[in-house]
1. Which FRET efficiency value, to the nearest 0.05, do you get for B:Val168 and B:Val207 by plugging their Cβ-Cβ distance into 1/(1 + (r/R0)^6) with R0 = 22 Å?
2. Please give the FRET efficiency for A:Phe173 paired with B:Met96, using the beta carbon to beta carbon distance and R0 = 56 Å, rounded to the nearest 0.05.
3. Given the Cα-Cα distance of B:Leu157 and B:Thr138 and 0.36 nm per residue of separation, how much length would full extension add, in nm?
4. Give, in whole angstrom and from largest to smallest, the semi-axes √(5λ) of the equivalent ellipsoid of segment A:115-195, with λ running over the eigenvalues of the Cα gyration tensor.
5. Would you list B:Tyr329, A:Tyr90 from fewest to most Cβ contacts within 10 Å?
6. Taking the square root of 5 times each eigenvalue of the Cα gyration tensor, what semi-axes in Å does the equivalent ellipsoid of segment B:91-332 have, largest first?
7. Say the dipole of chain A comes from +1 at the beta carbon of Lys and Arg and -1 at that of Asp and Glu; which of A:Ile164, A:Ser221, A:Ile95 then lies farthest toward its positive end?
8. Using every alpha carbon pair in segment A:195-234, what percent of pairs falls into each 5 Å bin from 0 up to the bin containing the largest distance?
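Taken together, the values in this text are just the output of simple stated rules run on the coordinates, not laboratory data. What you see is a predicted model; the values in this text were computed from it and never measured. In this analysis, Cβ positions are derived from the backbone assuming ideal geometry, glycine residues included, and neighbour counts consider all displayed protein chains.
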Amino acid sequence: MLFILLVALIAILAPLLAPHNPTQLFTDTLRLPPAWNPLGNANFLLGSDDLGRDTLSRLIHGARISLGIGFTVVTISGLVGSIMGLLAGYFGGTIDRVISGAIDMLMALPSVLLAIVIISVLGPGVTNAVIAVSFVALPGFTRIMRSAVIEEMGKEYVVAAQAIGASHLRIMFKEILPNSLSPMIVQASLGFSDAILNSAALGFLGLGVQAPAPEWGVMLSDARPFIESSPWMVTLPGLSILLVVLAFNLMGNGLRDSLDPKLRQR
Amino acid sequence: MIYFFQILFKKLVGTLPTLLIISLLSFMLIRMVPGDPVLLLLGERGADPAVYAQMQQRLGLDLPWMTQYWNYLSNAISGDLGRSIISKTPVLTEFMARFPATLELGMTSMIIAIILGLPLGIVAAIKRGTILDHLLMTGSLVGYSMPIFWWGLILILIFSVNLGLTPVAGRISIIYDIPTVTGFLTIDSLLSEEGFDAFKSTLQHLVLPAIAMGTIPLAVIARMTRSALLEVLGQEYITAARARGIPPWRVILLHALKNAMIPIITVIGLMVGSIITGAILTETIFSWPGIGKWMVASINARDYPVIQGGILLIASMIVLINNLVDLTYSILNPRASIGPNRK
């Protein structure tokens, strides 16, 4: 939790915290090792890359990009997924069959492959990467909302609301939705980590965020040719991805245990 | 047994609508791309009107789209998925040439994941609540969160660059020329003249990508084994077995694990999808000549017939496998019903 807050703070304050501009080229110091290495330079704490850009600044700005993408993706797919799940769970019948069918279809394709297919149609870029990753995250949200709604449907307060003649919209959004939110919160946290992982993978493959941007996946693929001579260039961005993803997974598991003891340790 | 074939038949029929929609989507893929598919195939230049019309006719793009889809579908069923724009080879041939490499890598990584994941999960369940359990579960969460495209690079850094134990890329050292028999280099190399030396080279090439790809499945299997086993261990028949004085290891390995296996096997089966995702990233890092690298390369080259055919083949494969897993599940666990009432 604390770690996520810290990373979020870093992401928000990126321009203030970063010692250098993330895309500025310091061409007289290329591939500088981190400062603790005798060859390092205190001006570039975590070294610099093959074009002389400051690694620390790029990592800090990268947090901004990754968390930004994660947040957008979770918001989009969380909203759309909730509505689709609500509709499917509440009305059942044909609507449920159509929505569940579509979701099963999406799940039939492996996540990164599905994202790649969407990118291949839309073309690479940040916006399209967000769209693609949101699509990938959609089935999870929809499924969880649907089963939460189905579980709530039989309960007395829903029957009571129906008995006093409340409208479908009112029952769905005012009665059922607030009561099915806890699994969605868990899913949002886990979805965040998936979104960051998937968008970094797309960036790594050159299909997501594009080159000069200091995205962690892009930094990794830039660093690949220098793995032998400058291993820190490969180590640091990946470590950032791992730590952030791990933090969100830990938070998701913690939330699951505290919000819903029934779901403990799936 | 008749019952079994009835279910099998029902399941296969049940996948038909899904497969149809997948084929429709892959058919539409090339048409959703901005721009004219004919120009795409001909290249930006060379749009001589006569050639253009000829190409349009050859592709059948002047026909109504229902007819086009019908043609596409009947061609696909007879195994004709079109030709790659770049290599001009039929898509199916290209797929078949690369598929064994991915299958070999995927199977090796799953074997690693199962061999390590099952015991680790069992140990964590037995030592529940101890430091060892916490360590194992934290470790598995780290494994689960691992960006494998980075993990692969780190493995290369440690084992290839620093220790010099393994090669960096490819399936086998280029000094060997192994005739293709099965497509599995581990088998083909043993059959070849170079025999054991070539086999050793194959294994050296195989081990790092397999570890990279197996990490996430390993973590999932370990967690699943632990929780499935814990659930079973709380049941009365286990207490009864213990009360009868059956040795603890026997209770866990024979009595408990037998019932805990059902969810574990399901999870393993359903991991086929994530194996393909892993293959895309792992193969890109290790220059492994399988379908993952092939798909990424064709997307970068905008080779649409290949993307289209590849998606169709991969998605159909996953749908079929998922249904087979469902089927195994219902055989292993007769209580799970198959039919319209199933939630």
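1. 0.95
2. 0.60
3. Details: separation 19, 0.36 × 19 = 6.84 nm, distance 2.40 nm.
So the extension gain works out to 4.4 nm.
4. Taking √(5λ) for each Cα gyration eigenvalue gives 34, 13, 9 Å.
5. Listed from fewest to most nearby Cβ atoms, that is B:Tyr329, A:Tyr90.
6. Details: eigenvalues 266, 90, 62 Å².
Whole-Å semi-axes of the equivalent ellipsoid: 36, 21, 18.
7. A:Ile164
8. Pairs per bin, as whole percents: 7, 31, 28, 20, 12, 3, 0.
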